[in-house]
1. Are there helices (runs of 4 or more DSSP H) fully within segment 191-282 with at least 1 residues that are modelled with pLDDT under 60? List them.
2. Does ILE32 satisfy the criteria of being at pLDDT 95 or above, part of a strand (DSSP E or B) and under 28 Å from SER293 (Cβ atoms)?
3. Mind checking which residues of segment 52-81 are over 22 Å from the mean Cα position of the chain (by Cα) and part of a strand (DSSP E or B)?
4. Can you tell me which residues in segment 400-429 are under 19 Å from LEU352 (Cβ atoms) and among the acidic types (Asp, Glu)?
5. Which pairs do you get when a residue that is under 21 Å from THR358 (Cα atoms) and of a type in the set (Lys, Arg), found in segment 459-483, comes within reach of a residue that is in a loop (DSSP other than H, G, I, E, B) and at pLDDT 90 or above, reach meaning Cβ atoms under 8 angstrom, with the pair 6+ apart or on two chains?
6. From the list THR415, THR424, which one is closer than 22 Å to TYR48 by Cβ, crowded, with 22+ Cβ neighbours inside 10 Å and in contact with a Leu (Cβ under 7 Å, 6 or more places away or on another chain)?
7. Here is a check on your reading of the model: is PRO333 in contact with a Gly (Cβ under 7 Å, 6 or more places away or on another chain) and modelled with pLDDT under 90?
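The values are calculated or read from the model by the stated rules, or taken from the named source; none is laboratory data. Model, not experiment: these values are computed from the prediction. We place every Cβ from the backbone using ideal geometry, glycine too, and count neighbours over all the protein chains shown.
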Amino acid sequence: MQTLAVKIFIGLFLIPFQIKGSTITGLDSVRISGLFSFLKKVDTVIIYEYPLGYALSDISYKEHVIRTQNGNFQINLPIQRKSATICIRFPSHYDKSSLVYLVTPGDNVIIKEEDAMYSFKGTGATKFYLANRLKEISNQIKGRFILNDNNLDELFKKEETVRKKKLEIIDSLHSAIPQNVADYYKAQSILTSKTNIYLLLNLSTSRKNLNYENRIALLNKYYYGGRRTIEEASLGDPCLISSEYFVKYVIEKYRFDSCTFIGKDFSVFSCYKYVTEHFTGEVREKLIAALLSEYELYIVADELVALSNDAHTYLRDEIILEYFRKMLKAKLPGGKLPEFYLTGSSGRAIRLSQLRGTVLLLDFWFTSCGGCREIHPLLDSIRDLYKGLPFKVVSISVDKNRSIWLESLKKGKYTSPENINLYTSGNGQLDPIITFFNINAYPTLLLIDKDGKVMGTPRDPRLDNGVGMISMINLALKEKKDK
């Protein structure tokens, strides 16, 4: 019923729509207006703007906070590139999912929601409708899915079904949408489906507990066989390769082929060398950008040093270059930790400089972060190796709600009373220590020596049972400890 109602409304999409009492948006900007039944008379809507696209959202984004009036909102966004991606979020309504749309200069769209049914009017509205339909298809077919040894075939079939259904929807709207928009969503549908396979396999499996023969047979059946297998009869390689989603596909496929499948640990620098040897131009630059942002947690200190000496020769985009400069400034070994004030559970402000003379492992996390919960017992066991020595784990939460943070402290799933537990006072991603270290993914770990100098990012202890981290701490303390 929901799908039918939205489809009937599509007849209005191609009619240019002007908002009463305002002028049509300029050709170098986008206007978004919203009327949502669940918004309160006075409420907050946040729109995140990603100039490099959603797949590279960590590299650069702008946050636009909008106060609603009688449950309505409107915003004009200057767009300096050919296109951008926006994500609309409702911070006061956690049960409402985010809305992600491709926008191009000149778009002027009104989004109306009533009883979870969405309709769209105005210039560019068809793109929004299409994005919603593709999201619905994915949610309906896949639902919640946990990977295990016995359901790999089912997972592959679901991804294949999602991909085919999405392409059918896109083709059915070919006369209502520009060719470049159709190509964008075709590439997204093909590449995200294939990437999801490799991503789940890389994150959720190991050589010890998976039937490898079964896996390879399934991969050959559906996806395996190199880059050429992602071609579609209706879509050539240039469109796929130019897609923002191509970068994640290449990296996750490399991880599987060169690491997971043969039992090796993933190395960002090894993948970086593969990228620089096999790709050129803008595609190479986007792949490097994805490695620097999406896979930052895997970049250990010595790899960052190697990257700092080489990557700048391939980077031309000013947004990507600025991200790289910030990363190097904050995390390159030898940099001095600036003065930061954070809050303890008592509400008292604590300066990190008070902890000089102690080696610090900074652990950045937030409540509901699965990886943060996984890493906690490993950090506790490493901390206990250094009892009586000048070493402390400093747990820093970016939770926006203090009561949620305090509740997490009590439950002990993310940190322990033996740690120094600090809070960013509800500032979240805008806290000075988060912006200085350019932290976009969690958990993030940083080691600081006794003199307050950054030693860099230790290896994630989930990957090697803490061996790399212990080696770095031993070096800082000039001690010899083994797990």
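1. Counting at least 1 such residues, we get 212-222, 237-242.
2. yes
3. If the condition is that a residue be over 22 Å from the mean Cα position of the chain (by Cα) and part of a strand (DSSP E or B), then ILE66, ARG67, GLN69, ASN72, PHE73, GLN74, ILE75, ASN76, LEU77, PRO78 are the ones that fit.
4. The answer is GLU418, and nothing else.
5. LYS481/LEU385; LYS481/TYR386; LYS483/LEU385
6. On inspection, the qualifying residue turns out to be THR424.
7. yes
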